[in-house]
Amino acid sequence: MKGTVAVLFGGCSSEYGVSLESAYSVSNAISTETYNRIMVGITQGGDWYLYEGPLELIPKDTWQAKGPCSPAQISLQRKDHGLLVWRDGQMECIRLDAVLPILHGKNGEDGTVQGICELAGIPVIGCGSLSSALCMDKHRAHLLAKQAGVEVPRGYCYEAGTPVEQIQREAKALEYPLFVKPLRAGSSYGITKVDTGEKLEKAVEQAFSYDSVIVVEELVDGFEVGCAVVGREELITGRADEIELSKGFFDFTEKYTLKTSKIHMPARVDLETESRIQETAKKIYRALGCSGFARVDLFLKPDGSLVFNEVNTIPGFTSHSRFPNMMKGVGYSFEEIVELLLEEGL
C-alpha cells in the first residue's frame, strides 16, 4: 500500500515565500507511484487548507486564490491519525502516515508544527519539536554545542527592555565589527553587521522588531562552510560547501540572489579539513538532538579551527539550494534525496 504523506507549505512566517519555492520542488520530486502526496497550505495569516490544485500555482502564490482549497487541520485525536477536512458542509478525515513540513522560520521550523504532529501521534519527517526549538534558539544552540566541545562565537543574549547602555557596554567588550541578530529567525532576517558603536542602537531596534530576544555576537575571522546531515542513528553527510563573500555578509538578498557572493561546492579545502567539517557537523547534529535531516553551518578560521554558527532544521529545498547540492556531491539526485528523507521518516 502507498504511504500517505502530507507536505506542509507556506506558513505564518516572514519566510513564507521561500517555503513556497522549496515545497514546489520537493512535491514534484515525490514519487506518486510510491506515496499518496497530500498538499496542505498554510497562509501567512495562519489558516490551514487542503490544496488539491496544480503544483505550479504554489511558487506563484496563487494557490489559494485560483486553486481548489478546503479548510483543514491536524486532528489532535490520536485515533484519527490524520487531517480533518471540511468540504460542502461535511467533515472527513484523511489518515496520514507522516507529515513533511517544508516550512521555514517561525511557526514551522521552530518546533510548533512538529509538536502538533507529535501530539496527534503522526510521525514527522525531519527534526522533532525539541531539536527544532533548540536549533532555532541561537543562544541555547551555542550553549549545547559548546558543552559538546565545539567552539562557538563570543556573545550576549538580551530580552526586550534591556537598557541600551548595557548592550553598548558589553558590545564594546566584544570589539567591532559584530553582528546583531534576532534570537529566532531564519534567512538572515533582522540581522545587521555593525561596524561602529553609533550604528548599534538602530541594529538592536531592527532585531527586536523580529523577536523579543536578540543576540549580539563577535565577528568570526574566517569564512562560512556548511554540511548536510541525514539520518537518525547511522548518519550520512554530504560534501561540505563554502560561501565566498566579496563584501558584507550572507544576508537574505545574497542567499537568494548571489549578487556579489558565490557558493563553492565542494568547498575549496583539502580532504582532511572537509572530513573535520563533516565530523563536527555530525557532533553538533547529535548534541542538538536532530533527526531526519538538517544543514549545519560553521566558520572555518585561518588557523584551521572550526566555529559553530547555526543549524537549519528545514534548509532550502529548491533544485539550486545548498542542502540538495551537498547531497548531490555524494551521488544523490534531487529525487533520490527526497526518497531518502521519506524512507528515513517512515
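Listed conditions (1) free of Cβ contacts under 8 Å to residues at least 24 places away in the same chain; (2) surrounded by 21 or more Cβ atoms within 10 Å (Cβ to Cβ); (3) of a type in the set (Asp, Glu) are all met by GLU109, apart from (1). Only strands (runs of 3 or more DSSP E) whose full extent lies in the range 165-249 are considered here, and none of them has at least 3 residues that are in contact with a His (Cβ under 6 Å, 6 or more places away or on another chain) and modelled with pLDDT under 90.
Condition (residue is more than 21 Å from ILE284 (Cβ to Cβ) and not small (Gly, Ala, Ser)) applied to the range 215-224: is it met by at least one residue? Within the range 215-224, one or more residues are more than 21 Å from ILE284 (Cβ to Cβ) and not small (Gly, Ala, Ser). Just one of (1) under 23 Å from the mean Cα position of the chain (by Cα); (2) within 26 Å of GLY121 (Cβ to Cβ); (3) at pLDDT 95 or above fails for ASP61. It is (2). Picking from residues in the range 253-284 that are at pLDDT 95 or above and open to solvent by 70 Å² or more (accessible area, probe 1.4 Å), the one that is nearest to the chain's Cα centre (by Cα) is LYS283. Each residue in the range 17-36 was checked for being part of a helix (DSSP H, G or I) and either buried (at least 20 other Cβ atoms within 10 Å of the Cβ) or touching a residue at least 40 places away in the same chain (Cβ under 8 Å) (or both), and 12 of them qualify. Restricting attention to the range 133-163, the residues being under 23 Å from PRO177 (Cα atoms) and small (Gly, Ala, Ser) number 3. All of (1) part of a helix (DSSP H, G or I); (2) out of contact with any Ser or Thr (no Cβ under 8 Å at 6 or more places or on another chain) hold for THR162 with one exception: (1). Pairing residues of the range 277-289 that are more than 13 Å from GLY149 (Cβ to Cβ) with residues that are in a helix (DSSP H, G or I) and of a type in the set (Ser, Thr, Tyr), at Cβ distances under 7 Å and at least 6 apart in sequence or on separate chains, gives LEU288/SER131; GLY289/SER131.
Residue-level analysis places LEU76 outside the set of residues that are in contact with a Leu (Cβ under 9 Å, 6 or more places away or on another chain) and touching a residue at least 60 places away in the same chain (Cβ under 8 Å).
The values are calculated or read from the model by the stated rules, or taken from the named source; none is laboratory data. Predicted model only: the values in this text are computed from it and were never measured. Cβ sites come from the backbone with ideal geometry, for glycine too, and all protein chains shown count toward neighbours. For the accessible areas, the whole protein counts, side chains as well, though only heavy atoms, and no ligand, DNA or RNA atoms are used. Shrake-Rupley method; radii C 1.70, N 1.55, O 1.52, S 1.80 Å.
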